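Below you'll find the structure, written out as structure tokens, and then a few comments.
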Amino acid sequence: MTQAARFRELLRRDGMIVAPGAYDCITARMIARAGFDCVYMTGAGTAATLGYPDFGLVTMTEMVDNAGRIAAAVDLPVIADADTGYGNELNVTRTVREYEARGVAGIHIEDQGFPKKCGHLDDKEIVPRADWLAKIGAAAAARRTPDFTIIARTDSRAVAGFDEAVARGIAALAAGADMVFLEAPQTVEEVAAVPRLVKGPCLLNVVRHGKTPEIDLRDAERMGYKLAIVPGLLLKSVIGICEQALADLKSTHRHPPLLKELTVREAFQISGADEWDALRTRFRNPSEKREAAE
């Protein structure tokens with residue numbers, strides 16, 4: 001079963017999928033080790049690993065390459081940020097094919113103008129509804145398997161109001177999208193209204209200190225959401241831990257204690273050391289194995 005098909009199977013089950021955000025293979029493996037069913041590749045986190053803010057400065061090939069590495073590192077469906085699709089319907093067609101070829105289970109494409117910015121920043125610009133819907137239709141047509149999930153993200157709440165955002169979400173489902181991502185509803189009432197008004201599968205973006213009020217994910221599930229992404233959890237946690245560890249090193253001149261102490265071996269195990277060690281002697285005959293051990 002492909003990961004795209006596996007993600008579709010998860011969507012058919014009751015309840016809501018929670019997908020923490022990974023920005024590299026280590027964070028993706030940590031999500032898998034923690035027992036989650038899905039990984040979300042964060043675009044903001046991907047941009048940060050390349051030294052840029054989430055201002056639309058990262059190219060499609062850079063995003064696709066990171067998504068491919070993450071998808072290869074874990075045995076879980078990976079849903080990835082695909083920004084605006086990187087152009088018009090032609091660009092969107094290639095974008096879908098590139099992500100799909102890397103083993104990604106699905107992507108979201110938004111209606112911001114390009115260059116875009118984080119959905120929880122001010123002064124966003126959106127494209128006309130018809131232009132975005134054309135790209136959603138192109139994305140749905142470009143996939144080689146219907147299992148690949150197309151998520152339509154609209155940032156219109158901040159620019160044109162909640163009613164327009166809902167209308168765009170409904171229209172996107174009619175244009176071929178499989179799920180609606182209404183970015184940054186601004187009240188709990190709006191959060192609750194999205195699945196009820198859109199009448200289709202919906203994604204909730206959980207951003208601490210963002211535009212959307214924080215809610216218990218169990219409440220989001222009861223509201224009818226099918227997928228919740230938590231893109232900044234690991235990135236922001238790592239930033240805080242690194243700042244503190246570096247400050248301690250500079251002030252004490254000694255290696256500071258870690259939040260979780262790991263041996264060198266344990267750290268490498270996160271990246272698959274046990275699997276790779278097993279390959280060292282797997283293809284040797286028994287006598288060669290003994291000689292290698294000696």
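Taken as a whole, the structure places residue 58 among residues that are more than 13 Å from the chain's Cα centre (by Cα) and closer than 18 Å to residue 119 by Cα.
Within segment 221-231, is even one residue of a type in the set (Gly, Ala, Ser), within 22 Å of the chain's Cα centre (by Cα) and within 24 Å of residue 36 (Cβ to Cβ)? Full working, then the answer.
Filtering segment 221-231 down to residues of a type in the set (Gly, Ala, Ser) leaves 224, 228.
Subset that is within 22 Å of the chain's Cα centre (by Cα): 224, 228.
Still in the running and within 24 Å of residue 36 (Cβ to Cβ): 224, 228.
Within segment 221-231 (the criterion being of a type in the set (Gly, Ala, Ser), within 22 Å of the chain's Cα centre (by Cα) and within 24 Å of residue 36 (Cβ to Cβ)), the answer is yes, since at least one residue qualifies.
When residue 187 is tested against the conditions (1) of a type outside the set (Lys, Arg); (2) open to solvent by less than 40 Å² (accessible area, probe 1.4 Å); (3) touching a Pro at 6+ places or on another chain (Cβ under 8 Å), the lone failure is (2). In summary, residue 193 fulfils each of the numbered conditions (1) open to solvent by less than 50 Å² (accessible area, probe 1.4 Å); (2) touching a His at 6+ places or on another chain (Cβ under 9 Å) with the single exception of condition (2).
If you take just the helices (runs of 4 or more DSSP H) that sit entirely in segment 97-177, which of them hold at least 1 residues that are without any contact (Cβ under 8 Å) to a residue 12 or more places away in the chain, surrounded by 16 or more Cβ atoms within 10 Å (Cβ to Cβ) and within 18 Å of the chain's Cα centre (by Cα)? Spell out how you get there, then give the answer.
Working: elements: 129-142, 157-160, 162-175.
Where helices (runs of 4 or more DSSP H) fall fully within segment 97-177, none carries at least 1 residues being without any contact (Cβ under 8 Å) to a residue 12 or more places away in the chain, surrounded by 16 or more Cβ atoms within 10 Å (Cβ to Cβ) and within 18 Å of the chain's Cα centre (by Cα).
For segment 222-254, filtering for residues that are open to solvent by 60 Å² or more (accessible area, probe 1.4 Å) and either outside any helix (DSSP H, G or I) or touching a Gly at 6+ places or on another chain (Cβ under 9 Å) (or both) leaves 3.
This table checks each residue for (1) surrounded by fewer than 18 Cβ atoms within 10 Å (Cβ to Cβ); (2) assigned to a loop (DSSP other than H, G, I, E, B).
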position	(1), (2)
208	yes, yes
220	no, no
256	yes, yes
266	yes, no
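Every residue in segment 1-24 that is under 24 Å from residue 64 (Cβ atoms) and out of contact with any strand residue (DSSP E or B) (no Cβ under 8 Å at 6 or more places or on another chain), please. Within segment 1-24, 1, 2, 5, 6, 24 qualify. In the set (1) within 15 Å of the chain's Cα centre (by Cα); (2) among the polar types (S, T, N, Q); (3) under 18 Å from residue 149 (Cα atoms), residue 93 fails one condition alone, (1). Scanning segment 268-282 for residues that are open to solvent by less than 60 Å² (accessible area, probe 1.4 Å), under 32 Å from the mean Cα position of the chain (by Cα) and not small (Gly, Ala, Ser) yields a count of 2.
The values are calculated or read from the model by the stated rules, or taken from the named source; none is laboratory data. Please read all numbers here as calculations on a predicted model, not as lab measurements. Cβ: placed from backbone, ideal geometry, glycine included. Neighbour counts: every protein chain shown. Side chains included, ligands, DNA and RNA excluded: accessible areas come from the protein's heavy atoms. Shrake-Rupley method; radii C 1.70, N 1.55, O 1.52, S 1.80 Å.
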